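Shown next, in structure tokens, is the structure this report addresses.
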Amino acid sequence: MSSSSPALSELVREYQSTQLEHKRNTEQLRKAAIHDIGDLCDTATTSLSAQLTRVLDNQREIESLSRDCALLVQQHTRSTTKWTKLVDQFSGALKELGDVQNWAQVIERDMLDVAATLEVVHASLNPADTTEPPQPTLHTSRSASNL
């Protein structure tokens, strides 16, 4: 057993040395992994922070453009309302003009009929007149169409 004792103690020392070496390697790997994970977290945080900043800037820009668009829509609505009122007024004026033209034509026809009737009455009351009065005719208005 004594001969095996130095060999055994040699094996134990070798084992302990190997264990210590494995422990050191494991600790170095653990520290490297922690450092690498820290770097990864820093990179991810920086990237996410930059992306978040861009998103927030875009959101502010969209909100600003949205407000501008709403103002433009309101201005367009007011402008459209004004134009609609003007078109309605113009349409009413044209209608009134058409009514006036029609009224003038009716009055002119009535006056021509009255004048023709008066000429017939005058001719029948004065049969001694040698000039023949013109025959009563209904005339269409030319002057009214020039309105």
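The values are calculated or read from the model by the stated rules, or taken from the named source; none is laboratory data. Because the structure is predicted, anything quoted here is derived from the model rather than measured. Every residue, glycine as well, gets a Cβ built from its backbone with ideal geometry; the counts of neighbours run over all protein chains shown. Keep in mind that these areas ignore ligands, DNA and RNA; they rest on the heavy atoms of the full protein, side chains included. Shrake-Rupley method; radii C 1.70, N 1.55, O 1.52, S 1.80 Å.
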Charges at C-beta only: +1 for Lys and Arg, -1 for Asp and Glu. How large is the resulting dipole of segment 86-128 about its Cα centre, in Debye rounded to 20? 60 debye
Can you compute the modelled spin-label distance between V73 and S5, with each label point 7 Å from Cα toward Cβ, in nm? 9.8 nm
Indicate the gyration tensor shape class of segment 40-81 (rounded, prolate or oblate), computed on the Cα atoms with a ≥ b ≥ c the square roots of the eigenvalues: a/c under 1.5 is rounded; otherwise a/b larger than b/c is prolate and the rest oblate. prolate
Which of the aspartates and glutamates could a cross-linker span from K23 if the Cα-Cα distance has to be under 19 Å and same-chain partners fewer than 8 positions apart are dropped? E14
With every protein chain kept in place and ligands, DNA and RNA left out, what is the accessible area per residue of segment 6-92? Probe 1.4 Å, answer in Å². 91 Å²
State the percentage of accessible surface on segment 1-47 attributable to carbon and sulfur atoms; use a 1.4 Å probe and exclude ligands, DNA and RNA. 62 percent
